[in-house]
Amino acid sequence: MRKLKTAYELVEAYRNGSLDPVEHAWRVIEEIGRWEGRVNAYITLEAPEAIIIQAEEARERYRRGEHRPLEGVLVAVKDNISTSFMPTTAASRMLEKYIPPFNATVVERLVRAGAIVVGKTNMDEFAMGSTSEFSAFGPVRNPWDLERVPGGSSGGSAACLAYGGCDLSLGSDTGGSIRLPAAYTATVGIKPTYGLVSRYGLIPYGNSLEQIGPMARSVKDAALLLEVIGGWDPRDSTSLRIDPPKLSNLEPLEPGEASLCVPREMVEGSEEPVAKVFWNLMGKLESEGFEVLEASLPEVSKALPAYYIIALAEAASNLARYDGGLYPREDVEAGDYWRHVAEARARGFGWEVKKRIVLGSYALSEGYRDEYYIAATKVRRLVRDAVLRLARKCIIASPAAPILPPRLGERITDPLLLYAMDVYTVVANLAGVPALAMPAGFSQGLPVGVQFMAYRLGEDLLVRLGLTVEEMTGLRGVAAGEG
Amino acid sequence: MKAKIGLEIHVQLSEAGSKLFCDCDSEYRKYPPNRNVCPVCLGLPGALPVPSKRALTLALAAAKAFNCKIPERIVFTRKHYFYPDLPKNYQITQFEKVGGAPVCLGGYVEFLNTDTWEWVRVGIRRVNLEEDPGRTYYEGDILTSRYALVDFNRSGVPLLEIVTEPDVRSPREARLLVEYILLTLEYIGATNPRLEGVFRVDANVSVEGGERVEVKNIGSTLDVEKALKYEIGRQTMIVERGGKVERETRHWDAARGVTKPLRYKEEEAEYLYFPDPDLPPVRVTEDLLAEASKTASRSPKAIFETVRKLGVKREIAWSIVSSPPAADRFLEAVRLGGDPQVLARMVGVDYKGELRERGLDPNDPSRWPPAKTLTELAKLVSTGEYTYDSIKGLVLPRLAENPGVEVKAVLPEKVSDIDSLVEEVLKREVKAVRDYLSGKKKALNYLVGAVMRAARGRALDPREARKRLMERLESMKEPQGEG
């Protein structure tokens with residue numbers, strides 16, 4: 001275990017001249033060289049020269065006092081977020097050579113804030129997975145234990161933070177895809193309120209559930225990044241008409257300002273080591289004077305199936321466009337239209353993606369739609385109402401995942417075990433509320449994450465609580481490897 | 001044999017300015033292939049639809065014009081099918097089930113049957129606002145072509161689908177109904193019905209004792225009548241011979257003038273409908289409704305009644321109403337003080353005739369002179385300064401060539417020396433004079449014609465010419481009587 005500079009500390013150091021952006025960029029490039037062969041966090045890496053040129057520009061800007069909020073900060077972007085200057089594959093053979101003709105809104109905002117995009121991170125294909133093993137470009141490994149997964153689907157974005165291969169990263173979270181990897185790698189991730197961050201340019205999986213969110217090695221860093229990418233985007237009809245949130249200069253939460261509650265259903269299924277670290281943290285909070293209440297959210301038991309039905313229905317629809325036409329595949333021979341489409345999809349998609357398309361189509365098809373899709377949307381409303389009711393009273397706390405990071409191959413053979421990893425995280429996506437995942441502690445050398453959920457647009461509350469918890473755990477800036 | 005006919009009319013909102021969900025042009029015909037496209041209408045992953053306010057307003061105006069029940073919230077629905085020119089392999093449309101809500105939940109239209117001069121009411125089942133797909137071009141024939149060329153310029157153009165109840169009684173009425181609906185949309189400013197491919201009609205038709213047959217691909221109002229006549233004849237013959245009309249879909253072959261069975265079997269459609277998660281329901285606000293009502297305030301029926309109240313004969317009134325710019329000019333010219341009868345003839349009969357004779361489009365506003373020009377001309381007739389015929393024969397043709405020209409510039413010189421013209425003719429036409437004087441009264445008409453010709457394009461009232469001629473001829477008689 002070691003401590004690395006947080007992005008916030010970097011910017012401070014750049015500003016007061018104690019650190020040179022070019023020197024830092026070289027250091028990160030070296031880390032990538034040292035780790036990447038084992039971890040496989042990136043699908044595409046920017047050429048070192050291109051990174052250095054941008055770092056030199058950043059140095060110039062600091063010199064002239066014209067630096068922007070993320071000037072010279074190295075950011076990794078999940079490979080389902082469109083970049084016009086790098087391929088965007090969503091970890092699928094289907095989009096192996098796809099270079100979008102436009103940037104996602106969040107990428108535009110990153111670049112305008114002076115960030116340097118280091119590369120595109122590895123993930124589960126089309127974000128369908130909880131371990132980052134379902135990638136056409138090979139699985140991602142957890143820097144804390146290379147035999148284990150970093151969680152998914154934003155596993156690459158978490159892993160590069162955990163080994164120092166970037167300063168900040170962007171992930172996307174449809175049902176926990178930011179928070180699981182954060183929990184498994186001792187990093188911080190925020191799944192923002194639905195509509196706070198533009199989805200324009202995010203290759204869709206479950207549109208009504210997902211958000212792009214910040215990942216970092218500290219709560220303040222995540223807040224800073226969210227501040228840059230958040231706020232209304234006229235190109236996304238589902239984005240909220242609000243200004244970017246003010247999050248980077250908040251004070252830690254004091255006892256008495258808010259209470260916490262732990263829904264029984266969101267902790268009782270956890271493995272022993274996870275529950276122990278979690279309750280230990282709750283105990284510390286209590287001893288600091290915070291009120292920690294027991295609560296109940298019985299609707300949670302239905303959340304997981306409802307989540308999967310909605311996500312897969314939307315996914316089946318979103319993935320219909322990949323037919324070998326606008327995204328051609330060289331290994332498919334010309335022929336009759338239907339055969340061409342079938343062959344392109346057979347070769348282009350991985351097994352998990354195909355499975356989810358079939359399940360999603362089934363849930364939407366005539367005769368089954370009422371029983372599955374419509375029923376799931378009703379459950380979703382129940383879950384949302386229950387969560388909103390509880391979130392008005394307290395910050396909802398739970399482990400971020402019920403288990404420690406599993407070993408490679410351990411979970412993916414049984415889909416029910418795999419999907420069950422998302423049991424605590426899907427609730428926030430169904431309800432559209434913000435959720436923060438951050439390190440709670442370690443068990444047997446493996447990170448354990450805690451999750452906090454608040455009411456809609458309660459990111460400020462989560463960030464303040466996160467700052468408090470970070471002071472208690474002392475895990476700000478923590479990274480894998482020897483210092 | 002009595003038939004039941006229901007129509008599905010697809011009309012592009014060609015005048016909406018932009019496509020339904022992006023800023024590309026709604027009038028796509030002027031672009032080279034695949035040049036009126038962007039990430040949104042190409043359905044690129046991550047690009048998101050944003051509904052055009054103008055298209056929504058026009059669709060709501062149409063719903064108002066068709067006396068529709070309008071939902072509080074409009075919902076867009078995804079309809080899935082694989083087709084090369086459908087870039088997302090789903091169409092964003094509207095659907096009344098699965099939580100959907102089209103712009104019109106049922107209404108009616110009253111169209112004028114100009115054979116019987118009765119207003120006929122036909123139920124509107126619903127109106128959908130949806131995106132048009134692109135276009136596929138085949139080399140020769142769809143079955144033999146070795147490849148298909150796809151042009152996405154049309155992809156995303158706003159399209160209204162208007163579905164009537166099976167209330168239509170005859171092919172002739174079907175045609176008049178379609179013409180009336182197109183005219184209504186033209187008054188709203190939603191479409192230009194004369195653009196190539198701007199509308200298509202599918203017709204459901206059954207005769208007593210037979211199943212319903214769908215006839216697709218009817219591209220003109222004339223063909224609506226022809227296709228239905230053919231189809232009813234075909235079905236009647238089957239029934240009369242004791243056969244059974246099967247439920248099927250047929251294709252209108254305009255070149256051959258026949259309906260043909262589809263050469264491939266249509267499978268039971270499975271469209272996987274569900275509300276588009278990228279498009280939150282659009283709340284139909286008071287403001288939006290007020291704007292739609294304002295847009296829909298000009299209806300053919302209301303204008304027809306206004307024109308009729310001015311004492312204009314129904315045939316002429318309809319001729320005026322059926323060309324919106326003609327109706328606009330007429331009503332404005334009346335308001336400016338022109339005599340309605342004179343103006344009606346000028347606008348509804350003779351000027352329109354001049355345009356037709358030149359092969360010009362009488363529905364193109366730029367072909368019409370300003371109302372004040374028409375008022376001026378009508379006043380010249382009413383005050384007796386010029387005859388209607390001289391305006392018709394000498395002024396209207398020049399206006400049709402150049403509608404912007406000042407009245408002064410096209411007004412014919414008036415004959416001031418009518419007596420000398422009469423003398424000239426009497427001197428030249430010795431034989432006719434002799435005939436008249438010997439009692440052949442018909443010779444007078446010839447002489448009037450000769451005087452008019454002698455005016456050589458200058459304005460001369462033929463009644464005045466006749467009166468002067470008679471006076472002179474009578475005076476020539478008198479001395480003979482004495483002798």
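The residues in segment A:52-70 that are crowded, with 23+ Cβ neighbours inside 10 Å, out of contact with any Leu (no Cβ under 8 Å at 6 or more places or on another chain) and not in a helix (DSSP H, G or I) can be counted, and the count is 0.
Being more than 20 Å from B:Gln341 (Cα to Cα) and in the same structural domain as B:Asp361 (by TED's automatic domain parsing) is a property that does not hold for B:Gly439. From the list B:Ser420, B:Ser416, the lone residue that is part of a loop (DSSP other than H, G, I, E, B) and without any contact (Cβ under 8 Å) to a residue 12 or more places away in the chain is B:Ser416. Filtering segment B:90-100 to residues that are open to solvent by 20 Å² or more (accessible area, probe 1.4 Å) and either at positive phi or modelled with pLDDT of 95 or more (or both) leaves B:Val98, B:Gly99.
You will find that of A:Ser296, A:Ser259, the residue that is in contact (Cβ under 8 Å) with a residue 12 or more places away in the chain, touching an Asp or Glu at 6+ places or on another chain (Cβ under 6 Å) and surrounded by fewer than 16 Cβ atoms within 10 Å (Cβ to Cβ) is A:Ser259 and no other. Among the residues making up segment B:187-221, those that are open to solvent by less than 30 Å² (accessible area, probe 1.4 Å), within 20 Å of the chain's Cα centre (by Cα) and free of Cβ contacts under 8 Å to residues at least 60 places away in the same chain are B:Ile218, B:Thr221.
Within segment B:27-57, if we keep just the residues that are more than 25 Å from B:Pro277 (Cβ to Cβ) and touching a residue at least 40 places away in the same chain (Cβ under 8 Å), the residue that is most open to solvent (accessible area, probe 1.4 Å) turns out to be B:Arg35. With the structure loaded, tell me whether B:Val224 is touching a strand residue (DSSP E or B) at 6+ places or on another chain (Cβ under 9 Å), open to solvent by less than 20 Å² (accessible area, probe 1.4 Å), under 27 Å from B:Leu129 (Cβ atoms) and assigned to a strand (DSSP E or B) or whether it fails that test. Against the criterion (touching a strand residue (DSSP E or B) at 6+ places or on another chain (Cβ under 9 Å), open to solvent by less than 20 Å² (accessible area, probe 1.4 Å), under 27 Å from B:Leu129 (Cβ atoms) and assigned to a strand (DSSP E or B)), B:Val224 does not qualify.
For segment B:43-54, the criterion of a residue being within 14 Å of chain A (Cβ to nearest Cβ), outside any loop (DSSP other than H, G, I, E, B), polar (S, T, N, Q) and in contact with a strand residue (DSSP E or B) (Cβ under 6 Å, 6 or more places away or on another chain) is satisfied by no position. Residue count for segment B:66-88 under the criterion of being touching a residue at least 24 places away in the same chain (Cβ under 8 Å) and either aromatic (Phe, Trp, Tyr) or within 14 Å of another protein chain (Cβ to nearest Cβ) (or both): the result is 16.
For every residue, the table says whether it meets (1) open to solvent by less than 10 Å² (accessible area, probe 1.4 Å); (2) in a strand (DSSP E or B).
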residue	(1), (2)
B:Pro84	no, no
B:Lys88	no, no
B:Val109	yes, yes
B:Arg121	no, yes
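With the requirement that a residue be of a type outside the set (A, V, I, L, M) and at the interface with another protein chain (Cβ under 10 Å from one of its Cβ atoms), what does segment A:69-83 give you?
Correct list: A:Asn80, A:Ser82.
Given the structure, is A:Pro87 assigned to a loop (DSSP other than H, G, I, E, B) and open to solvent by 10 Å² or more (accessible area, probe 1.4 Å)? Yes, satisfied. Hey, any hits in segment A:335-350 for a residue that's open to solvent by less than 50 Å² (accessible area, probe 1.4 Å), under 22 Å from A:Lys302 (Cα atoms) and among the aliphatic types (A, V, I, L, M)? Checking segment A:335-350: not a single residue is open to solvent by less than 50 Å² (accessible area, probe 1.4 Å), under 22 Å from A:Lys302 (Cα atoms) and among the aliphatic types (A, V, I, L, M).
Among the residues making up segment B:90-127, those that are within 14 Å of another protein chain (Cβ to nearest Cβ) and within 17 Å of B:His10 (Cβ to Cβ) are B:Gln91, B:Ile92, B:Thr93, B:Phe95.
Can you work out which of the residues in segment A:234-256 that are of a type in the set (D, E, K, R) and within 14 Å of chain B (Cβ to nearest Cβ) is surrounded by the fewest Cβ atoms within 10 Å (Cβ to Cβ)? The qualifying residue surrounded by the fewest Cβ atoms within 10 Å (Cβ to Cβ) is A:Arg241.
May I ask you to list the residues in segment B:338-367 that are part of a helix (DSSP H, G or I) and open to solvent by 50 Å² or more (accessible area, probe 1.4 Å)? Within segment B:338-367, B:Gln341, B:Arg345, B:Val349, B:Arg356, B:Glu357, B:Pro365, B:Ser366, B:Arg367 meet the criteria.
Only one residue in B:Leu143, B:Leu149 is out of contact with any helix residue (DSSP H, G or I) (no Cβ under 7 Å at 6 or more places or on another chain) and either outside the structural domain of B:Glu165 (by TED's automatic domain parsing) or outside any strand (DSSP E or B) (or both), so which one is that?
Going through B:Leu143, B:Leu149 in turn, the sole match is B:Leu143.
Once segment A:351-388 is narrowed to residues that are touching a Phe, Trp or Tyr at 6+ places or on another chain (Cβ under 7 Å) and among the hydrophobic types (A, V, I, L, M, F, W, C), the residue that is most open to solvent (accessible area, probe 1.4 Å) is A:Leu388. For segment B:58-81, a residue qualifies if it is open to solvent by less than 40 Å² (accessible area, probe 1.4 Å) and closer than 30 Å to A:Lys97 by Cβ, and the qualifying residues are B:Arg78, B:His80.
The values are calculated or read from the model by the stated rules, or taken from the named source; none is laboratory data. Quick caveat: nothing in here was measured; it's all calculated off a predicted structure. Positions of Cβ are backbone-derived with ideal geometry, glycine not excepted, and every protein chain shown enters the neighbour counts. Quick note on the areas: whole protein, heavy atoms, side chains included, nothing else; ligands and nucleic acids left out. Shrake-Rupley method; radii C 1.70, N 1.55, O 1.52, S 1.80 Å.
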